[in-house]
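These notes concern the structure reproduced below.
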Amino acid sequence: MALSAPQISRWLNSSKLSSFMTALQLRKHFQRPGTTLSCGIFAQPHVSSEGCFLQWGFRTYRTSSLWNSSQSADSSRQEINCAQSTLLPSVNEPSQRTPKIPGLDSEMSLEGLDDVPPLSPLQPISDEEAVQIIAGPPLPPSSVTLRDYVDHSETLRKLVLLGVDLSKIEKHPDAANLLLRLDFERDIKQMLLFLKDLGIEDTQLGPFLTKNYAFFSEDLENLKTRVAYLQSKNFSKADIAQMVRNAPFLLSFSVERLDNRLGFFQKELELSVKKTRDLVIRLPRLLTGSLEPVKENMKVFRLELGFQQNEIQHMITKIPKMLTANKRKLTEIFDYVHNVMCVPHHIIVRFPQVFNTRLFKVKERHLFLAYLGRAQYDPTKPNYISLDKLVSVPDGIFCEGMAKASVRDFEKFLKTL
């Protein structure tokens, strides 16, 4: 007996539903650990006889011919048997009749997958994606502080790690603009290696670069040439490192200027080559600072204070700072020591440290010794007080060793001044 069209449609729907439930049960039974299955999984189609097949993925069943109401009952039974033969067996059937379900890894070929193209910066994005983009603060076009640029500049961040004080450099706009234009790997790294080879320690790089902020504008070959010149004048590597630490701008001067400075001190002070070298090693600022204070102090020593040339040589080789000391301070200390304390020139020459101390300290101790009757500065007489110890030792030693009094007595005396 032939099936009508509505009967065929109901039969197909029931077959699809039963097949879907059967396949879902098998998937749950044979599912591998870590593998998630859904109704969208694909598998190879199983083709049956007479053109009937089952395709996994969307569970679509097809036949090679159209059903119609004019077919006979015998042909209908053959088609039904054909469709049933293509369905998977029930889980209640014996395990030997259960066909092997293909795995996902074996069925999905990686060779067939196309490579995902990289995202293009010009690729349009949706409004939702645009809202999720977090942009950093924009780089300010101008600023009065380098702090606004530290987050944007790798060079500034690494200089801060080295100990450079950017708050002092930013006071010089030209230097600040120079650092912002420099690349650390290309412009700065080789300069730091040069300083390391010269003998500058890691902890000294920060203070050095803070003072000589224009060091990175120097040409590396010129720096090497200046170091080679100093070595040719018998300055050792340790001497050069010490001079550079104490006078950071030393290597910023040309060879001609360095040579002129050395020649000036050797000629003006009438020193030997060795004494000139020792002088600038102890006070390398003589090579970088102005010569006007030096010339002025030399006139003061000769004309106002009345020292001879050999006496000046002796004093400045022991206390090089006398060459750059304040003129007023020199004259005030000499006037008090020579005219009030009655210390002659030749004793002052022996102890030039008195010019390197504060005047009120000399006054306080001299007046206390005079109050006690112990102000004796002549080495040929008893109870002699050395000028060197007078200005250099702490209060405790001064009171007990020279004044023969207690510190409390000295403090009480100071309150009377």
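The values are calculated or read from the model by the stated rules, or taken from the named source; none is laboratory data. Just so it is clear, the structure is predicted and the values come from calculations on it, not from any experiment. No Cβ is skipped: glycine too gets one built from the backbone with ideal geometry, and neighbour counts run over all protein chains shown. Ligands, DNA and RNA are excluded from the accessible area calculation, which covers all protein heavy atoms including side chains. Shrake-Rupley method; radii C 1.70, N 1.55, O 1.52, S 1.80 Å.
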Next item on the list: Please go through region 260-281 and pick out each residue that is under 26 Å from residue 213 (Cβ atoms) and charged (D, E, K, R).
Entry: 261
Checklist line | Count of region 291-314 residues which are touching a Ser or Thr at 6+ places or on another chain (Cβ under 9 Å) and not charged (D, E, K, R) | finding: 5
Next item on the list: Quickly run through region 196-221 and pick out the residues that are within 17 Å of residue 249 (Cα to Cα), part of a helix (DSSP H, G or I) and either free of Cβ contacts under 8 Å to residues at least 24 places away in the same chain or among the aromatic types (Phe, Trp, Tyr) (or both).
Entry: 196, 208, 215, 216, 221
Next item on the list: Could you run through region 158-177 and say how many residues are assigned to a helix (DSSP H, G or I) and in contact with a helix residue (DSSP H, G or I) (Cβ under 6 Å, 6 or more places away or on another chain)?
Entry: 7
Checklist line | All positions within region 181-195 that are open to solvent by less than 60 Å² (accessible area, probe 1.4 Å) and either touching a Lys or Arg at 6+ places or on another chain (Cβ under 6 Å) or in a helix (DSSP H, G or I) (or both) | finding: 184, 187, 188, 191, 192, 194, 195
Notebook entry, point to check: Among 343, 349, which is open to solvent by less than 70 Å² (accessible area, probe 1.4 Å), touching an Asp or Glu at 6+ places or on another chain (Cβ under 6 Å) and of a type in the set (Val, Ile, Thr)?
Noted result: 349
Notebook entry, point to check: Do you know which of the residues in region 215-234 that are open to solvent by 40 Å² or more (accessible area, probe 1.4 Å) and closer than 21 Å to residue 162 by Cα is farthest from the chain's Cα centre (by Cα)?
Noted result: 218
Next item on the list: List every residue pair whose Cβ atoms lie under 8 Å apart, where the two residues are 6 or more positions apart in sequence or sit on different chains, the first residue falls within region 385-405 and is on the phi > 0 side of the Ramachandran plot, and the second residue, located anywhere, is open to solvent by 20 Å² or more (accessible area, probe 1.4 Å) and part of a helix (DSSP H, G or I).
Entry: 404/372
Next item on the list: For residues that are open to solvent by 60 Å² or more (accessible area, probe 1.4 Å), under 22 Å from residue 342 (Cα atoms) and within 52 Å of the chain's Cα centre (by Cα), tally how many sit in region 372-417.
Entry: 2
Checklist line | Residue in region 155-178 that is modelled with the lowest pLDDT, counting only those that are open to solvent by 60 Å² or more (accessible area, probe 1.4 Å) and under 12 Å from residue 212 (Cβ atoms) | finding: 172
Note to self: Need pairs with beta-carbon distance below 8 Å; first residue within 18 Å of residue 347 (Cβ to Cβ) and of a type in the set (Lys, Arg) and within region 360-382, second open to solvent by less than 60 Å² (accessible area, probe 1.4 Å) and not in a helix (DSSP H, G or I); sequence gap 6+ or separate chains.
What the structure shows: 374/385
Check: Across region 287-309, what is the number of residues that are closer than 17 Å to residue 333 by Cβ and assigned to a loop (DSSP other than H, G, I, E, B)?
Finding: 3
